[in-house]
Amino acid sequence: TEAFGESDYTPLEQNFEGINQVITDAAGRIIFDVTSTGYEKDGQHLLIGLDSGGSVSGVCIVSIEDSPTQADKVQQDAFLSQFIGRNTPGSEYDAVSGATKSSSGIRNAVDLALRTYIEHEEAIKNGK
């Protein structure tokens, strides 16, 4: 809740390809629980929050198995904040020098959350 605010969140029962879990609240906010590949295969566990309009409201790294130097670099607000407000996958982003694979893994997780939302918006919003 630190990244996305206090609320009564409800996990959806429906599965979406590449997504561990989708969680919603009554205000229409959505959290995507995603595992992505950075430097290590499936080494990044992230929560990607979307506001009720489908824009990224937060990116929270739950765990990261990349090297400590790479992990430190991509956990900085300067990197993560560039995703806030995005509502379309595939947008340009600035990778972190020396952590391009880690940066790419996080960008891919954000893109996956946005694509899933766009493709399944009605089912997600209706909790189905």
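Could you report the chain's accessible area per residue, 1.4 Å probe, as an integer in Å²?
54 Å²
With no solvent and one point on each alpha carbon, what is the Debye value of log10 I(q)/I(0) for the chain at q = 0.15 Å⁻¹?
-0.63
Using only Cα atoms, locate the centre of segment 75-128 and the centre of segment 13-30, then give the distance between them in Å, rounded to an integer.
Each part's Cα centre sits 15 Å from the other's.
Would you calculate, for the chain, the mean residue ellipticity at 222 nm contributed by helices, counting each DSSP H stretch of 4 or more residues as -39,500 (n - 2.57) and dividing by all residues, to the nearest 500?
-9000 deg cm²/dmol
Simple spin-label model, 7 Å along Cα-to-Cβ: D72 to R115 in nm?
That separation, rounded to one decimal, is 3.3 nm.
Over the alpha carbons of segment 59-128, what is the largest minus smallest coordinate on each principal axis, giving the biggest first in Å?
41, 24, 18
K41: which aspartates and glutamates have alpha carbons under 20 Å from its alpha carbon, excluding same-chain residues fewer than 8 sequence positions away?
Qualifying aspartates and glutamates at Cα under 20 Å: E17, D33, E65, D66, D72, D111.
Principal axes first, then extents: for the Cα atoms of segment 1-56, list largest minus smallest coordinate on each axis, whole Å, largest first.
That gives 35, 24, 18 Å along the principal axes, largest extent first.
Under 13 Å from a point placed 7 Å out from the Cα of Y9 along the Cα-to-Cβ direction: which residues of segment 18-58 have their backbone N that close?
20-26, 29-34, 46-51, 57-58
The values are calculated or read from the model by the stated rules, or taken from the named source; none is laboratory data. Everything numeric here is computed off the predicted structure, so don't read it as measured data. Every residue, glycine as well, gets a Cβ built from its backbone with ideal geometry; the counts of neighbours run over all protein chains shown. Side chains are part of the model used for accessible areas, which takes the heavy atoms of the whole protein and leaves out ligands, DNA and RNA. Shrake-Rupley method; radii C 1.70, N 1.55, O 1.52, S 1.80 Å.
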